[in-house]
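Single-structure report; data block below.
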Amino acid sequence: MFPRLLGSAFAKLPRTVQALHLRRGLQTFQGAATIRRGSHWLARLCGRVTGLPPAMQDAPLCVEITATPRREHWLRNFDGHRMGSAMWKRKGRLCERLGLVTFHFRLSVQNAALVWTVDRVRALGLPLPASWFSGVKAREFERDGRYCFEVAAALPLAGELVHYSGWLDADPAWVENEWPDQPLADEARDDYDSSDDYDSERHGNADSGDGGGDGGD
């Protein structure tokens, strides 16, 4: 799904980032994360609605990704706190449902990093102003040969909701062995289902019953 969304830009990503997004089926990645949470009552409420993890320092992290051609489920376990989300592709955007909220992201590659930028947001199926979410950003990159991530979320009035960063054990050798000397983006895109838009209001948004277990897992 990620190679299809990024097209030829996917090949510009570091091998560790490619390795995380090329593999299908159930994959498990181990690592660690540091989490900072906002203290405003609105920030705490938003964190509860989206199932954000509590503040932690260098905590063990396990991420299980179940990837199919049209949908992915991510289950993040921050030292016992589980945060699940469902992802799918719609009209050239990556949609991710966290609890009661569905985000539509534009993906891009900037300075060898995969950058997620909010394009639209819906809560309980209702659209929210995208300008409220200009402080929501995420990026995936490589540092010292290791897959790394950073996610920051802040809202007007509520201030900072969460900031977390860390690393996972994505093996770059897998990409070299499975995709040697190939145009990764084109090969992966051809291998995926040709349907562009899997999501519908009934299947993907926050008021859907589909995949509802993710938020509570």
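The values are calculated or read from the model by the stated rules, or taken from the named source; none is laboratory data. Bear in mind that the values here come from a model prediction, so they are computed numbers and not experimental data. Note that we place each Cβ from the backbone using ideal geometry, even for glycine, and neighbour counts take in every protein chain shown. These accessible areas exclude ligands, DNA and RNA; they are computed on the full protein's heavy atoms, side chains included. Shrake-Rupley method; radii C 1.70, N 1.55, O 1.52, S 1.80 Å.
Taking only segment 42-55 into account, find how many residues are free of Cβ contacts under 8 Å to residues at least 60 places away in the same chain and either touching a helix residue (DSSP H, G or I) at 6+ places or on another chain (Cβ under 7 Å) or farther than 18 Å from Gly99 by Cβ (or both).
1
State whether one or more residues within segment 114-127 are farther than 24 Å from Leu26 by Cα, under 12 Å from the mean Cα position of the chain (by Cα), in a strand (DSSP E or B) and among the aliphatic types (A, V, I, L, M). Lay out the reasoning, then the answer.
Residues of segment 114-127 farther than 24 Å from Leu26 by Cα: 117-127.
Checking which are under 12 Å from the mean Cα position of the chain (by Cα) leaves us with 117-118.
Narrowing further to those that are in a strand (DSSP E or B): 117-118.
Retained after the next criterion (residues that are among the aliphatic types (A, V, I, L, M)): 118.
Scanning segment 114-127, I find at least one residue that is farther than 24 Å from Leu26 by Cα, under 12 Å from the mean Cα position of the chain (by Cα), in a strand (DSSP E or B) and among the aliphatic types (A, V, I, L, M), so the answer is yes.
Of the residues that make up segment 133-145, is at least one open to solvent by 30 Å² or more (accessible area, probe 1.4 Å) and either within 16 Å of Leu6 (Cα to Cα) or assigned to a helix (DSSP H, G or I) (or both)? Please lay out each step first, then the result.
Quick first cut of segment 133-145, residues open to solvent by 30 Å² or more (accessible area, probe 1.4 Å) only: 134, 137, 139, 142-145.
This time we only want the ones that are either within 16 Å of Leu6 (Cα to Cα) or assigned to a helix (DSSP H, G or I) (or both), so: 139.
Taking every residue of segment 133-145 in turn, at least one turns out to be open to solvent by 30 Å² or more (accessible area, probe 1.4 Å) and either within 16 Å of Leu6 (Cα to Cα) or assigned to a helix (DSSP H, G or I) (or both).
Let's see how each residue does on (1) open to solvent by less than 50 Å² (accessible area, probe 1.4 Å); (2) closer than 17 Å to Ala170 by Cβ:
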residue	(1), (2)
His73	no, no
Arg93	no, no
Glu96	yes, no
Leu100	no, no
Asn111	no, no
Leu124	no, no
Phe149	yes, yes
Ala152	yes, no
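For segment 1-23, which residues satisfy the criterion of being open to solvent by 50 Å² or more (accessible area, probe 1.4 Å) and under 16 Å from the mean Cα position of the chain (by Cα)?
The one that is open to solvent by 50 Å² or more (accessible area, probe 1.4 Å) and under 16 Å from the mean Cα position of the chain (by Cα): Arg23.
For the structure I just gave you, tell me whether Gly92 is out of contact with any Phe, Trp or Tyr (no Cβ under 7 Å at 6 or more places or on another chain) and farther than 17 Å from Glu150 by Cβ. Explain how you work it out, then say what you get.
Numbers: out of contact with any Phe, Trp or Tyr (no Cβ under 7 Å at 6 or more places or on another chain): yes; farther than 17 Å from Glu150 by Cβ: yes.
When the stated conditions are applied, Gly92 passes them.
Having 3 or more residues that are at pLDDT 95 or above and over 18 Å from Arg120 (Cα atoms) is the bar; report the strands (runs of 3 or more DSSP E) wholly within segment 38-98 that clear it.
In segment 38-98, 56-67, 71-78 are the strands (runs of 3 or more DSSP E) which contain 3 or more residues that are at pLDDT 95 or above and over 18 Å from Arg120 (Cα atoms).
Select from segment 24-37 the residues that are part of a strand (DSSP E or B), in contact (Cβ under 8 Å) with a residue 40 or more places away in the chain and open to solvent by 50 Å² or more (accessible area, probe 1.4 Å) and list them in ascending order. Let's see the steps before the verdict.
So the first thing to find is which residues in segment 24-37 are part of a strand (DSSP E or B), and the list is 25-37.
Cutting the leftovers down to in contact (Cβ under 8 Å) with a residue 40 or more places away in the chain gives us 25-27, 29-37.
Selection gives Leu26, Gln30, Arg36, Arg37.
I need every pair where a residue in segment 62-83 that is at positive phi has its Cβ under 6 Å from the Cβ of a residue that is surrounded by fewer than 19 Cβ atoms within 10 Å (Cβ to Cβ) and assigned to a strand (DSSP E or B), sequence separation at least 6 or different chains.
Asp79/Pro60
Can you confirm whether Glu96 is free of Cβ contacts under 8 Å to residues at least 12 places away in the same chain and at negative phi? Full working, then the answer.
Details: free of Cβ contacts under 8 Å to residues at least 12 places away in the same chain: yes; at negative phi: yes.
Criteria met by Glu96.
Of the residues that sit in segment 38-58 and are within 19 Å of the chain's Cα centre (by Cα) and among the aliphatic types (A, V, I, L, M), which one is surrounded by the most Cβ atoms within 10 Å (Cβ to Cβ)?
Our first condition is that a residue be within 19 Å of the chain's Cα centre (by Cα); within segment 38-58, this holds for 46-54.
Okay, now just the ones that are also among the aliphatic types (A, V, I, L, M), so 49, 52.
Numbers: Val49: 16, Leu52: 24.
Selected residue: Leu52.
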